[in-house]
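Visitor: Before anything else, here's the structure in question.
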Amino acid sequence: MIGAIRILLRHGFELIERPFDRLFGPALNPVAQLGALGFFFFWIVAVSGIYLFIFFDTGIERAYESVEYITKDHWYHAGVMRSLHRYASDLMVVMLVVHMLREFSYDHYRGVRWFSWLTGLPIIWLLYTSGITGYWLVWDRLAHYVALVTSELLDWLPIFGEPIARNFIATGTLTSRFFTLMVFMHVAVPLFLLFIMWVHILRISRPKVNPPRALALMSLMALIAVSFWKPAVSQGHVDLARAPVEVGLDWFYLPLYPLTDFWGRGAVWALLAAFFLMVGLMPWLPPLRRARPAEVDLVHCNGCTRCAEDCPYEAIRMVRRTDTLPFPTQAQVNPALCVSCGICVGSCPSSSPFRRTEELRTGIDLPDYPLRELRERVVAAAEALQDSPRILVLACEHGGAAGRLSGVVRLPCVAMAPPSLIDFIISRRHAEGVVVAGCAESACYHRLGINWAKQRFAGQRDPYLRARVPRGRLATIWTSALESRRFDQEFAAFRSRIAALGPVKRDTHAPAGAAANPADGSASIKEEIGS
Ligand code: HEM
Ligand code: SF4
Ligand code: SF4
């Protein structure tokens, strides 16, 4: 059941995200930047909030007037800030909901990722508490309604000895101290929210907490435009003697409030409890089947730190050497954090399929899918290739190519393949061309795999693809599991290019300076790359 909902939702996201990829480019696609945008809107709320506090009177008698002063007399700066504060808060809710649904639809919440998922739950409570206490501070008719319904809801819980709702019904009994408590909460809760947001991303490496500058600028401009077009306003001074009727609700923060009238307080709490219980249990419904974590082989580890740099899940630490080899540090895997993506295998300088040792060993390897097996699978898949030109596909199991073509070598992530594997395939003439096929560019299942693969192939990140490898014989195709047509088109185009290039004629181990074979028009490796 959960699986079916996830697949349906994934289709929904694909329908929106792939056109966005084309419209904005994968790097600027806002749907792939939801967490970062959440942080960005938080900072807008924080800065505008601090600005508003300069003008806001924290006493209950003058609070409303000070907000009116901000909105009307000083609309051109403080009023705009008020609108920015309101709309950026609303957008935080939008980001939170869509981000949560997206992480769910991409199956990013089970296994090791339970931590980010569960720490997302207090974020929901804290964000809503921040927003609800914010509405309270305006001390208008909406604030009265919010105060009344919130206290009725709280009164239902057996926490407070004396019902607090009564405070809002009888004018005389409301103390300004209670209002001051709300002011304090509206400052303290967001600070705590920020702390939990930081905890939320602790277990992922290089989290995207800042959207790309162009996207941030576009979002800010849009918010400023809306703030001028439809400024945030109050709804008339509170009148505690009269019940607040017909107030305009903020549907982002208060969607459950009207339900209290229809269903009653118990039902609203039951709904919340059921939601959080179910969402809290989801990472184990059912649990993700995990391959065994990566293991370090000290004999082949020189402590270069590349694996620790590249691991997307903070699963590798460099620690003091425990053997007698003359290096200061060694890699150490935390099995509880490792998702067996193999990215570290692809980053290790020892991961070379050219090695002639009896059994291919490397510094860090996956026990369930070692480098030795990867090389064997590559050789076997290459031997089985029948069509000419022979094109070998190294495919991420989460992307669009896996399972589409015969002879595909599946990997947990494209970045598991060390660049030397591509060199190996072409220079040993196992195939005329190599396709590295991953997820959609803005939606890498293992977060950083596509980035690392691209940088390694471009010679910008160790271990880089050697210059002798003819780039024309390598293609990268980034398509999601649902973009089979695009994969087929790009694959067919690459096939025609390789057919035009002809076979790889000479092994790279041939003497330097040997000429290409001009007779059959095929290019040598030296000629194809010009080095
Ligand atoms: C305003 C609220 C939130 C903010 C600002 C936020 C921010 C972020 C950021 C920046 C990341 C890292 C993204 C990356 O670099 O790959 C992230 C990851 C994640 N978030 Fe949130 N988040 C919020 C709420 C939530 C909620 C409510 C949930 C779910 C209950 C959630 C679930 C996750 C998960 C599962 C990941 C891990 C993804 C992965 O391992 O690839 N987040 N979040
Ligand atoms: S397999 Fe992936 S998660 Fe595990 S240590 Fe290597 S890079 Fe990190
Ligand atoms: S990449 Fe390889 S050699 Fe470098 S620290 Fe990691 S295991 Fe050791």
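Visitor: Would you mind calculating the relative contact order of region 286-391 from Cα pairs under 8 angstrom and at least 6 residues apart, reporting the percent as a whole number?
Guide: 30
Visitor: Taking the solvent-accessible surface of protein heavy atoms with a 1.4 Å probe, what is the per residue accessible area of region 74-142 in Å²? Before the final figure, lay out each step's value.
Guide: Numbers: 2200 Å² over 69 residues.
Here the residues of region 74-142 average 32 Å² of exposed surface.
Visitor: What is the distance, in nm, between label points placed 7 Å from the Cα along the Cα-to-Cβ direction at E246 and at A188?
Guide: Placing both labels 7 Å along Cα→Cβ, they lie 3.9 nm apart.
Visitor: Can you give the longest run of the chain that contains no GluC sites (Glu not before Pro) sitting in a DSSP loop with at most 13 other Cβ atoms inside 10 Å?
Guide: The longest such stretch corresponds to 62-245.
Visitor: In the chain, which longest range has no chymotrypsin sites (Phe, Trp or Tyr not before Pro) that are both DSSP loop (not H, G, I, E or B) and surrounded by at most 16 other Cβ atoms within 10 Å?
Guide: 1-159
Visitor: Could you tell me what percent of the accessible area of the chain is made up of carbon and sulfur, with a 1.4 Å probe and every protein chain present?
Guide: Numbers: 15940 of 25460 Å².
After summing per-atom areas, the C and S share lands at 63 percent.
Visitor: Ignoring ligands, DNA and RNA, what accessible area per residue does region 163-316 give at 1.4 Å, in Å²?
Guide: On a per-residue basis, 59 Å².
Visitor: What is the Cα radius of gyration of the chain over 2.2 N^0.38 Å, N being its residue count?
Guide: The reported ratio for this selection is 1.22.
Visitor: Evaluate Rg over Rh across region 31-162, taking Cα atoms for both radii and Kirkwood's formula for Rh.
Guide: Details: Rg = 17.7 Å, Rh = 16.8 Å.
With Rg and the Kirkwood Rh in hand, the quotient comes to 1.05.
Visitor: Could you work out how far the C-alpha centroid of region 220-277 sits from that of region 423-444, in angstrom?
Guide: Spelled out, the Cα-based centre of one part sits 53 Å from the other.
Visitor: So how tilted is helix 80-105 from the main axis of the chain? Cα-based, degrees 0 to 90, rounded to 10.
Guide: Between helix and principal axis, roughly 50 degrees.
Visitor: So, one more: Number of Lys-Lys pairs in the chain under 28 Å by Cα, sequence gap 8 or more or different chains?
Guide: 5
Visitor: Report the charge-dipole magnitude of the chain in Debye, nearest 20, computed about the Cα centre from +1 at each Lys and Arg Cβ and -1 at each Asp and Glu Cβ.
Guide: 1580
Visitor: Report relative contact order for the chain in percent, whole number only (criteria: Cα-Cα under 8 Å, sequence separation at least 6). Display every interim value, and only then the final one.
Guide: Numbers: 820 pairs, mean separation 62.4, N = 531.
For the chain, the relative contact order is 12 percent.
Visitor: A follow-up question, please. Within 10 Å of each candidate Cβ there may be at most 15 other Cβ atoms; applying that plus a DSSP loop requirement, which trypsin sites (Lys or Arg not before Pro) in region 1-75 survive? Before the final figure, lay out the partial values.
Guide: Numbers: sites: R6, R10, R22, R62, K72; in loops: R62.
When the trypsin sites (Lys or Arg not before Pro) of region 1-75 are filtered for loop state and at most 15 Cβ neighbours within 10 Å, R62 remain.
Visitor: A further question follows. How large is ³J(HN,Hα), in whole Hz, for each residue of region 244-251 in order, when computed from phi with the Karplus curve 6.51 cos²θ - 1.76 cosθ + 1.60 and θ = phi - 60°, using x for Gly and Pro?
Guide: Working through the residues one at a time gives x, 10, 6, 8, x, 8, 8, 6 Hz.
Visitor: Which far-off residues, 5 or more places away or on another chain, put their amide H under 5 Å from the one on L411, with H placed in the peptide plane?
Guide: Amide H to amide H, under 5 Å and 5 or more residues apart or across chains, L411 pairs with A395, C396, E397.
Visitor: Calculate the FRET efficiency for F276 and I50 from the Cβ-Cβ distance with a Förster distance of 25 Å, rounded to the nearest 0.05. Walk me through the intermediate numbers first.
Guide: Details: r = 31 Å, r/R0 = 1.25.
Result of the calculation: an efficiency of 0.20.
The values are calculated or read from the model by the stated rules, or taken from the named source; none is laboratory data. These numbers were taken from a predicted model, which means no experiment stands behind them. When we count neighbours, we look across all protein chains shown, and the Cβ atoms used for this are built from the backbone with ideal geometry, even at glycine. Note: areas computed on protein heavy atoms with side chains; ligands, DNA, RNA excluded. Shrake-Rupley method; radii C 1.70, N 1.55, O 1.52, S 1.80 Å.
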